[in-house]
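Student: I am attaching a structure below and will ask some questions about it afterwards.
Please treat every number below as a calculation from the coordinates, not as lab data. Computed from a prediction, not measured in an experiment: that's the story for all the values here. Note that each Cβ is placed from the backbone with ideal geometry, even for glycine, and that neighbours are counted across all protein chains shown.
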Amino acid sequence: MGDSNKKPKEKHFVLVHGACHGAWCWYKVKPLLEAAGHHVTVLDMAASGINLKKINDLKTIHDYSEPLIEFMTSLPDDQKVILVGHSLGGLNLAVVMDMFPYKIEVSIFLMAFLPDTDHTFSFIFDQFLGFIPEGEKDDYWLDTETTSMGDPKKDLTTILMGPQFLSKLYHLSPPQDYELAMILRRPSSFFLHDLWKPETKFSKKNYGSVRRVYVLCDEDRASPQAFQRWMIKNGGVKEVKELKGSDHMPMFSIPNQLCHCLLEIAMN
C-alpha cells in the first residue's frame, strides 16, 4: 500500500537550446516539468539569450559551451542530471558527456546533431548537407545571414536566422512564439573551423558510455528525417522516440507532449 503512494524520485533536467536561441525557448516546458515534481535548470550558452558575451568573442565549441561546462563542474560528483539538447545543442551535450560522463543519467538529443566516436563533427555536418534534396540545396538556408571572419577552415563563421528560415522552423508553432524568436534571436555559429580538428573527436570511453536517447518530430522541415535516422544508426543509439504533429520547435508547438516524452525517458 505504501509503495502505491510513493512519489517518483525527483530528477534534475538541464535544458540546452539550439542555434540563435536561448534559455527563453524553454519557458513552456520548464514549468510543466517542475509541476511534475522535478528540478529544472535552463542555461544560455555563451553569446546566447542574455549571456553578455558576443559571438565574435568565441573561438571554439568549448567557449560556446562554457556556461554548461561551468554548471557541470559545480555539480557534486554524487549528483546526476538529465541533459536535453535541442538542434545545435546536441554539440553542447557531447562536449560535457566527454568531460563528465559520471554526472549524467541520460542525454536526450531532441532533433539534435549527434556526433559519433569515429569521426570529427565536420563529418556529421558534411553528411547533413548531403541529405538536403538537390533542388533545395541552394535555397535551404533562405534568408539566413552568414558572416565569415576570414578563412572558414581557421576562423569563425557566424549565422543569423532570417524571418523566412525561422518560419520553416516554426511552421506549426503559435505565431506569438515565432515573433518572440524574431525579437530575441542572436547570431550563432556551427564552429566548423574548430570541429574539423582531430582533437574534437568524442571518445568511446566517456561520450560513448552515456545513455543516449534520440527524439524525432514527424513534421520537422529544418532537418531531414532521413539524416536524423542516419545519425541514430551511425551513432549506435538504441532508444528512439517520435513525436507527432510537431515542427522543429516542439517546446513551442507541442510542449505537453514533449514534457510527457522527457518524463517517460527519465523514469525508464
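Student: I need the Debye-formula profile for the chain: one equal scatterer per C-alpha, no solvent, reported as log10 I(q)/I(0) at q = 0.09, 0.10 1/Å, two decimals.
Tutor: Result of the Debye calculation: -0.38, -0.47.
Student: If you don't mind, another one. Helix 225-234 versus the longest principal axis of the chain: what is the Cα-based angle in degrees, 0 to 90, to the nearest 10?
Tutor: Its long axis makes an angle of about 70 degrees.
Student: Okay, moving on. Run the simple label-point estimate for Lys53 and Tyr102 please: 7 Å along Cα→C-beta, distance reported in nm.
Tutor: Result: 2.6 nm between the two label points.
Student: Could you compute the net charge surrounding Leu43? Neighbours are other residues with a C-beta less than 11 Å from the C-beta of Leu43; K and R count +1, D and E count -1.
Tutor: Working: positive: none; negative: Asp44, Glu66, Glu70.
Net charge around Leu43: -3.
Student: Please report the spacing between the Cα centers of the stretch 222-268 and the stretch 178-201 in Å, no decimals.
Tutor: For the stretch 222-268 versus the stretch 178-201, the Cα centre distance is 20 Å.
Student: So if I place +1 on the C-beta of Lys and Arg and -1 on the C-beta of Asp and Glu, and nothing else carries charge, what would the dipole magnitude of the chain be about its Cα centre? I want it in debye, nearest 20.
Tutor: 680 debye
Student: Tell me, what ³J(HN,Hα) does each residue in the stretch 44-55 have, in order and in whole Hz, if you take phi through Karplus 6.51 cos²θ - 1.76 cosθ + 1.60 with θ = phi - 60° and put x for Gly and Pro?
Tutor: 7, 5, 4, 6, 10, x, 9, 5, 6, 5, 9, 4
Student: Moving on. Once you list every other residue whose beta carbon is under 12 Å from the beta carbon of Gly208, what net charge do they have if Lys and Arg are +1 and Asp and Glu are -1?
Tutor: Around Gly208, the surrounding residues sum to +2.
Student: For the stretch 171-233, what number results from the quotient of the Cα radius of gyration and 2.2 N^0.38 Å?
Tutor: Cα Rg divided by the expected 2.2 N^0.38 Å: 1.55.
Student: Would you list, by chain and number, the lysines whose Cα falls below 27 Å from the Cα of Lys205, excluding same-chain residues fewer than 8 positions away?
Tutor: Reachable lysines: Lys11, Lys59, Lys80, Lys103, Lys197, Lys233, Lys238, Lys241.
Student: At 0.36 nm per residue, and after removing the present C-alpha to C-alpha distance, how many nm does the segment from Thr117 to Ile132 gain when stretched out fully?
Tutor: Length gained, Thr117 through Ile132: 3.0 nm.
Student: Now a separate question. Could you sort 56-69, 28-41, 174-187, 111-124 so that the peptide with the highest average Cβ count within 10 Å comes first and the rest follow in order?
Tutor: Put in order of decreasing packing, that is 111-124, 56-69, 28-41, 174-187.
Student: First select every other residue whose beta carbon is under 13 angstrom from the beta carbon of Leu129; then total the charges, Lys and Arg +1, Asp and Glu -1.
Tutor: Once all neighbours under 13 Å are counted, the net charge is -3.
Student: Further question on the same structure: Evaluate the distance, in nm, between pseudo-label points positioned 7 Å from the Cα of Lys153 and of Ile183 along their respective Cα→Cβ axes.
Tutor: Simple spin-label model gives 4.4 nm for this pair.
Student: So if R0 is 22 Å, what FRET efficiency would Ser74 and Glu10 give, r being the distance between their Cβ atoms, rounded to the nearest 0.05?
Tutor: 0.75
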